[in-house]
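Asks: Have a look at this one before I ask anything.
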Amino acid sequence: MKNSTKIFLLSLFAVMFFVSCSDNSRKKTSRNNPKENKTHIMIPDFNADSAYVFVKKQVDFGPRVPGSSAHEACAGYLLDKLKEFADTAFFQSFKTRAFDGTTLNGKNIIGSFNPKARSRIFLCSHWDSRPWADKDPDPSKHNIPVDAANDGASGVGVILEIARQMSISKPEIGVDAIFFDLEDYGSYSDNDSWALGARYWSKNLHDPDYNAKYGILLDMVGAKGAKFYMEGYSMMYAADVVKKVWTAAGRAGYGQDFIFEKVGYIDDDHLPVNENAGIPTIDIIHLDNESSNGSFFEYWHTTKDNMDAISKETLKAVGQTLLTVIYEEK
Ligand code: AHN
Ligand code: ZN
């Protein structure tokens, strides 16, 4: 072999070696430094003013108590919004019996984005209002229906703003928005009396072949100063999803609101979904050990759960975190 050929081959190997090393180190940095992902994945900016309007619109109908005209009117509004933003939207109507023997007409409201995608997740929240402010400090108010700005409308408002963002720029995965009815017509002495809409859906999926990688429930995601801890059933059924969402919160800049600390078990819409539908589903719920109202947010099931309780900062923290999860998902 000629000397010049040897030198050529040696330098070729040297270059190949160098390239393969530097390529490795590049892969390592991109794996360990998620911020770098931001340069090639566009994550929309959650508009908290828009989310706030979606919350207020619901509250302006009056308490969305099952059987009331406000309930009926708000159902129409929510379906219209999902029809505007999603590829398909529809009601899942059902009848069920409440703990007190009342027959209730329920409507779950469902919107699908990218309905043909096999890789999908769903976001859910309840949209009904509790008929009784029975945790109000003033017992004379216990039969007044709740505005349910935080306990109901906040989660739906955050999901509607995410839906609006997804109508502008499409994520890679499929996403379903599910607004459950009849969550809050329950008795404190019967755990199974809550979450009637989610219970119905979990046993009667809107499409018998429906499946999702995981689900995320939002409950009371709008109050000032809310912190989100890792709820018990979420950790039991979907610990990896909890960790995914909590680390996404850190990347989105809201790590101070999503605390890596496990707390108690809450009977909520995610429980029947985990138990009956077998889809790992977490609950992002505002719990507060300092609250004088059990472990729930201060105005839970009181007449003060109104628009004054709602903070755009909290809506933003939750909404931006979820957009990060959705747009990074494959
Ligand atoms: C129980 O009190 C057993 N579950 C409460 C779930 C709930 C009601 N979330 C909001 N309102
Ligand atoms: Zn409630």
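Asks: From the backbone phi of region 220-233, what are the Karplus-calculated ³J(HN,Hα) couplings (6.51 cos²θ - 1.76 cosθ + 1.60, θ = phi - 60°) in whole Hz, Gly and Pro given as x?
Replies: Values, residue by residue: 6, 10, x, 7, 4, x, 5, 10, 10, 9, 7, 6, x, 5 Hz.
Asks: Now for a different question. Of 230, 150, 306, which is farthest on the positive side of the dipole of the chain, counting Cα position, with +1 on Lys and Arg Cβ, -1 on Asp and Glu Cβ, and the Cα centre as origin?
Replies: 230
Asks: Which percentage, to the nearest 5, of the DSSP beta bridges contained in the chain is antiparallel?
Replies: Working: 19 of 37 bridges.
Given both bridge residues lie in the chain, the antiparallel proportion sits at roughly 50 percent.
Asks: Now for a different question. So the label point goes 7 Å from the Cα of residue 213 along Cα→C-beta, right? Which residues of region 242-265 then have their backbone N under 13 Å from it?
Replies: Correct set: 242, 244-245.
Asks: To continue, here is another question. How high is the relative contact order of the chain? Use alpha-carbon pairs under 8 Å, at least six apart in sequence, and give a whole percent.
Replies: Working: 656 pairs, mean separation 70.7, N = 330.
The normalised contact order for the chain reaches 21 percent.
Asks: If we sort 304-310, 164-170, 269-275 on the protection proxy, mean other Cβ atoms within 10 Å, highest first, what's the order? Please report the intermediate quantities before stating the final value.
Replies: Numbers: 304-310: 19.3, 164-170: 15.6, 269-275: 23.6.
Ranked by mean Cβ neighbours within 10 Å, highest first: 269-275, 304-310, 164-170.
Asks: How many angstrom lie between the C-alpha centres of region 279-321 and region 238-268?
Replies: 14 Å
Asks: Could I ask something else about it? Express the Stokes-Einstein translational diffusion coefficient of the chain in µm² s⁻¹, to the nearest whole number, given a Kirkwood radius over alpha-carbon pairs, 37 °C and a viscosity of 0.692 mPa s.
Replies: Rounded, D is 157 µm²/s.
Asks: What is the distance in Å between the Cα centroid of region 79-135 and that of region 185-218?
Replies: 10 Å
Asks: In region 276-330, which GluC sites (Glu not before Pro) are in a loop and have at most 13 other Cβ atoms within 10 Å, using DSSP for the loop call? Show your work: numbers first, answer last.
Replies: Numbers: sites: 290, 298, 313, 328, 329; in loops: 290, 298, 329.
Here the sparse-neighbourhood loop sites are 290.
Asks: Name the residues whose placed amide hydrogens come within less than 5 Å of the amide hydrogen of residue 120, ignoring near sequence neighbours (fewer than 5 apart) on the same chain.
Replies: When sequence neighbours closer than 5 places are left aside, the close amide H contacts are 174, 213.
Asks: Right, here's the next one. So which of 107/316; 213/243; 56/312; 203/262; 83/107; 81/203 end up more than 20 Å apart by C-alpha? Display every interim value, and only then the final one.
Replies: Details: 107/316 28 Å; 213/243 15 Å; 56/312 12 Å; 203/262 29 Å; 83/107 16 Å; 81/203 26 Å.
Those over the limit are 107/316; 203/262; 81/203.
Asks: To continue, here is another question. With +1 on each Lys and Arg Cβ and -1 on each Asp and Glu Cβ, how big is the dipole of the chain about its Cα centre, in debye rounded to the nearest 20?
Replies: On the way: 37 positive and 44 negative charges, 438 e Å.
Approximately 2100 debye in magnitude.
Asks: I need the chymotrypsin sites (Phe, Trp or Tyr not before Pro) found in region 139-199, filtered to DSSP loop residues with at most 16 other beta carbons within 10 Å of theirs.
Replies: Passing both the DSSP loop test and the Cβ count: 188.
Asks: Sticking with this one: Would you mind putting 241-247, 291-297, 207-213 in packing order, based on average other-beta-carbon counts within 10 Å, highest first?
Replies: Details: 241-247: 19.7, 291-297: 15.6, 207-213: 11.6.
The most tightly packed comes first, giving 241-247, 291-297, 207-213.
Read-outs throughout are calculated quantities, based only on the coordinates presented, and are distinct from any laboratory measurement. This structure is a prediction, so every number in the text was calculated from the model and none was measured. Positions of Cβ are backbone-derived with ideal geometry, glycine not excepted, and every protein chain shown enters the neighbour counts.
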